[in-house]
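Worksheet for the structure shown next.
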Amino acid sequence: QVQLVESGGGSVQAGGSLRLSCAASGGRSIAYVMAWFRQAPGQEREFVGAMARDDSTYYVDSVKGRFTISRDNAKDTVNLQMNSLIPEDTAVYYCAARGGYIIGTRRDNYEFWGQGTQVTVSS
């Protein structure tokens, strides 16, 4: 039932920051596990991080300490703050959602997907 729309992508220099947003409609994001995935050219879509209903989070090691997921309940939006960006972060970033309580790290764990937003990090 939930529809997801990502925004906030763009081009930045290495070391810079971007803040991505995932707006949910047709349902409240708090009722879902919300995740971020990314897909670089020629690569498979990979898990980045996720937030569960209790606001607990889990991140892949390559972004831990640099990326932070948060909720804005008033806007029913989930954000991905990306700091200290490196060229390897270049990818299309996708917001995903699943019913349930447990964070999954696989693409097929998630039922609902946004359209993606491009992030490009130049050296």
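The values are calculated or read from the model by the stated rules, or taken from the named source; none is laboratory data. These numbers were taken from a predicted model, which means no experiment stands behind them. Because the Cβ atoms are built from the backbone with ideal geometry, glycine has one as well, and the counts that use them run over all protein chains shown. Remember, those area values only see protein heavy atoms, side chains included, never the ligands or the DNA or RNA. Shrake-Rupley method; radii C 1.70, N 1.55, O 1.52, S 1.80 Å.
Descriptive notes on the structure:
- For the residues V33, V48, the requirement of being under 15 Å from I86 (Cβ atoms), open to solvent by less than 50 Å² (accessible area, probe 1.4 Å), under 12 Å from the mean Cα position of the chain (by Cα) and touching a residue at least 24 places away in the same chain (Cβ under 8 Å) singles out V48.
- Residue in the stretch 57-71 that is on the phi > 0 side of the Ramachandran plot, among the charged types (D, E, K, R) and free of Cβ contacts under 8 Å to residues at least 40 places away in the same chain present: no
- Condition check for G104: more than 18 Å from V121 (Cβ to Cβ) and part of a loop (DSSP other than H, G, I, E, B): yes
- Residues within the stretch 72-106 that are closer than 17 Å to V2 by Cα and either of a type in the set (V, I, T) or crowded, with 16+ Cβ neighbours inside 10 Å (or both), tallied: 9
- From S11, S25, S21, residue being over 18 Å from L85 (Cβ atoms), polar (S, T, N, Q) and out of contact with any His (no Cβ under 7 Å at 6 or more places or on another chain): S25
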